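One structure is given below, encoded as structure tokens.
FYI, it's all coordinate maths here, none of it is from the lab. Being a predicted model, the structure only gives us computed values, none of them experimental. So basically every Cβ, Gly included, is an ideal-geometry build from the backbone, and we count neighbours across all protein chains shown.
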């Protein structure tokens, strides 16, 4: 029985909507944690500094040493929550692709994980970022492909032509 | 030349996303004002009282006398902004259908208005409300049809199968 | 009987909290509109461009030609709402001080207006901006004094040592 | 050297503002996690159900079995993050007072923890809840005393007459 669902996809690929639908259709209560939770937990200074996470004018995102240190502890903690019995949906943007997956895979070792790739055409994601109104221009396009490099998934979905709820039902059927 | 664009559609039909895309693709700056702006401007007490706006457990919404009084002044003010030269996109939920349209039409008299109906299948809108996570269950479904009763449009779009940006381009072409 | 209350003060001086308390203690329903409402209504492009509003790294804010044009229409519209019968609380940051007041005074001509200066020590406002977490560093400090230059008030309050609710009661007593 | 700071106080007692100021004044990066993070991570259904957390009309909050199960795993995870090296500020509302503290104390066993009581006069907290505009009436008043029952603190602060930044400096000096 799956204990952790990891969704990986670029900005504006539709992960958050899928997570809410998953929490609605899955019969048991699942915790939703992810990149947004971690960034919100960090000091304001780390959200725009060399040591933290940096959002460039072209939409690319880079993270520094201090971000990585806190992130490593965060990943350990999320794994510990699952080991303590919580079902967890992780909603992530693997900027490092397969390298990011290896870090999570190591922490989640021994737990039943469902790895889900959330794909979305770059132009569609970019337009959805505009529609949402809170995403930097270029971010969705720059992440659309890079986050999937070197990844291994149990399941892949494409949100460009599928509603969040339908994606959630497909994932729930594989849990 | 269109001075006011009025978008009418039920909750979670996708109006706000279209508005942001419209502001992005239209060459001139347009102000976006609507039901959400007015409700946010009202006292907290009016958002859940007999005189104000009431969100029932089944998702239906009803408004009272005091809400109507403030709304009437609000409509006059938005029309005055347009007369003073601002281009305005009004993003509304006409719970009264054609009767609501008559109120706006009277206030906007003499101004070039583009009336746009934003339709979305009730089940799709309801699922999108879940994906957004901030809408009451049943609200989208209960409003999907009722807001279009007795309405006369210059243009109708269906968001169930069309992205916000594409809807925005269709509307922009008619401005 | 006062029809419009205009609160003017710098960023993080506590205006929004006072507005909510005013809406709570005043017996009649009042609409709350202001700088935040207008900025939210503008296109994303105007929030960071030469023609729009610009937030510099040192916290200073400057506005351009297109912003001014939309703002002028906005002011006309808010005045029209009051003339149509709505009681309105305007929550503003008069970057132009007395010059900004003249623009509003002209539009509100003939209406009974209560002008309220909301003062807050620059260091206190700056620290509150950090506590709120959503304000640019330096903004509160840079605006604390400049917004009051050349202003004429009916009432002045100081939020550095007075709670929002107490400020609201003082203002309500003068309405 | 303190690894975990636990702030306990009722709704609208000013914890979140203090946390942001703490993150700003502490020289090392600290993660801020707490009751709000956990509630946001839960399914929408758990936020208003018998098994979850319930906000009554009088402002009281009660939590059920499923909430407690997820919360227990959450606490384990936060402790694991600290053990993995992260400095963490926990921002909590101990509805169970000393009983809640025992749960956290057990999970944090062996870690250097600074326990901070955040007090605020009930009437002041209630008025601040109105000023914030997003808190249920009665919640602040009902929690002001109950969360401190049976608690043992290293440090107590009173926000009724002290700014967030000053509170943060007092806490930082004790870290």
Under the √(5λ) rule applied to the eigenvalues of the Cα gyration tensor, what semi-axes describe the equivalent ellipsoid of chain C? Give them in Å, descending. 24, 21, 14
Work out the P(r) tail for the range C:1-87: percent of alpha carbon pairs separated by more than 15 Å, whole number. 66 percent
Order the peptides A:140-149, B:97-106 from the highest to the lowest mean number of other Cβ atoms within 10 Å of their residues. A:140-149, B:97-106
When only C-alpha pairs under 8 Å and at least 6 residues apart count, what is the relative contact order of chain B, in percent? 39 percent
Inter-chain Cβ neighbour average for residues B:57-70, partner chain, 10 Å: 1
P(r) histogram, all alpha-carbon pairs of the protein assembly as shown included - 20 Å bins from 0, percent: 17, 50, 32, 1
Nitroxide proxy distance, nm - points 7 Å out along Cα→Cβ at residue D:137 and residue D:65: 3.5 nm
Label-to-label distances across copies for residue A:27, with labels 7 Å out along Cα→Cβ, in nm, shortest first? 5.6, 5.8, 6.0
Inter-copy spacing of residue A:72 label points, which lie 7 Å from Cα along Cα→Cβ, given in nm from shortest upward: 3.2, 6.0, 6.8
Smallest Cβ-to-axis distance in chain D, for the rotation taking D to B: which residue, how many Å? D:134, 6
Per-residue counts of other Cβ atoms within 10 Å, averaged by peptide: what ranking do you get for B:56-64, C:26-34, C:52-60, highest first? C:26-34, C:52-60, B:56-64
Inter-site label distance for residue D:123 and residue A:45 at 7 Å from Cα along Cβ, in nm: 4.0 nm
Take chain D, connect every pair of alpha-carbon atoms lying under 10 Å apart with a spring to form a Gaussian network, then pick out the residue of D:75, D:130, D:157 with the largest mean-square fluctuation. D:130
Please average, across the residues of D:154-166, the number of beta carbons from any other chain that are within 10 Å of each residue's own beta carbon, and give a whole number. 2
With a 10 Å cut-off between alpha carbons and a GNM built on chain B, which of B:151, B:139, B:81 moves the most? B:81
Roughly what % antiparallel, to the nearest 5, for the DSSP beta bridges in the protein assembly as shown? 15 percent
Note on the range B:1-143, DSSP bridge orientation, antiparallel percent to nearest 5 equals 15 percent
If you build the convex hull over the alpha carbons only and average its shadow over all orientations, what do you get for the range B:70-146? Give it in nm² to one decimal. 6.0 nm²
Of the listed peptides A:39-47, B:13-21, what is their order by residue-averaged count of other C-beta atoms within 10 Å, with the highest listed first? B:13-21, A:39-47
Just from its helices, what would the mean residue ellipticity at 222 nm be for chain A, if runs of 4 or more DSSP H residues each count -39500 (n - 2.57) and the sum is divided by every residue, rounded to the nearest 500 deg cm²/dmol? -12500 deg cm²/dmol
Can you give the direction-averaged projected area of the convex hull of the alpha-carbon atoms in the range B:7-57, in nm²? 4.6 nm²
May I ask you to derive the relative contact order of the range A:78-175, considering only C-alpha pairs under 8 Å and at least 6 residues apart, and to give it as an integer percent? 35 percent
At what distance in angstrom do the alpha carbon centres of the range A:139-174 and the range B:74-99 lie from each other? 39 Å
For peptide B:20-30, the mean count of other chain Cβ atoms within 10 Å per residue Cβ is 5
